[in-house]
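Input: a single structure, listed below in C-alpha cells.
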Amino acid sequence: MEYKNLDNNIVRKDSFSPGFNSTDKLGGSGNNKNQPESNQDNDKKSFFTSEKSAFAWEFVKIIIIAAIIVLPIRYFIFQPFIVKGDSMIPNFHENNYLIVDEVSYRFVAPERGDVIVLKYPLDTTQRFIKRVIGLPGETVKIKNGKITITKDGKSTVLEETTYLPNSVSTDGDINVVLKDNAYFVLGDNRPFSYDSRRWGVLPKEDIVGRVIFRVFPFAGMGLISAPSY
C-alpha cells in the first residue's frame with residue numbers, strides 16, 4: 001500500500017545539528033525516546049484499525065443476514081421436535097430428532113399415512129406425534145384388530161404392512177364418522193398408543209405440521225414419506 005508524506009520519515013542533514021546524519025529516522029534512536037512517531041507508523045495503525053473494523057462489520061452483517069433468513073424458517077416454516085415416549089415404535093423412537101413442515105397443510109390437505117405433530121385436543125399445550133388414518137368424510141371402523149375405511153358406500157380394509165409388522169393388530173371397537181376438517185389418528189405402537197381411539201377425532205386446526213425429515217439418529221437420517229395403500 002502507498003502511504004502519503006513518505007519524505008517525513010527521514011531527517012535531513014542539518015549543518016547546525018552535527019549529531020544527526022541523513023539516514024536517521026524519527027523515533028528510531030534509543031536515545032531519542034521523546035521523538036514523535038512517524039506519519040507512516042500512524043498510517044499503519046490507522047490501516048490495521050480500519051481493517052479490523054471492516055472485518056467486524058462484515059461479520060456482523062453476515063450474522064444479521066443469517067438471522068433474517070434462518071429465524072423465519074425456524075419459527076414459521078420448519079420446526080425441530082424430539083420424540084418422547086414409545087407410541088410410534090417401531091418407526092420412531094425416544095429421542096429421535098425430527099423436522100416438521102408447518103406450511104404445507106395451509107395449501108394441501110393431510111393424506112392418509114402422513115406422520116404428523118399435533119396439539120393434544122384436550123390440552124393444546126401438549127404435542128403428540130401420530131399417523132393420519134381417517135380423513136374427512138370417511139367412516140372409520142375398528143373391529144377384530146382391523147381398520148375398515150368407508151366412503152361413498154365403498155369399504156376398504158386398511159393394509160398397513162408397509163410400515164407395521166404383520167403381527168400388529170389394532171385393538172378397540174370403534175365406529176366413527178369424520179366430519180369436515182376432522183381426522184382420525186393412531187400411533188404405530190397400537191397396543192400402547194394414546195390416540196383417537198381414546199380421546200376422539202382430531203380437528204385440523206390442531207395439526208401442527210407434517211414430519212418430513214429425521215435428523216437423529218444419524219443411522220436413520222432421511223426423508224419421511226407417506227406410505228402407499
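Miscellaneous remarks
- Cβ-Cβ FRET estimate between residue 218 and residue 181, R0 fixed at 41 Å, reported to 0.05: 0.65
- The residue 173 and residue 127 beta-carbon pair, evaluated with R₀ = 30 Å, returns a calculated FRET efficiency of approximately 0.60.
- Legend: ranking of residues 190, 198, 127, 112 from fewest to most surrounding C-beta atoms inside 10 Å; resulting order 198, 127, 112, 190.
- Listed peptides 90-99, 201-210 appear in the order 201-210, 90-99 once ranked by packing, highest mean of other Cβ atoms within 10 Å at the front.
- For region 83-223, the number of Lys pairs with C-alpha atoms closer than 25 Å, counting only pairs eight or more positions apart or on separate chains, is 28.
- Label separation (residue 82 vs residue 95): 0.9 nm, computed from points 7 Å beyond Cα along the C-beta direction.
- Fewest-first sequence of 159, 102 by Cβ atoms within 10 Å of each Cβ: 159, 102
Read-outs throughout are calculated quantities, based only on the coordinates presented, and are distinct from any laboratory measurement. Here the structure is a predicted model, which means the values were calculated and not measured. Neighbour counts run over all protein chains shown; Cβ positions are idealised from the backbone, glycine included.
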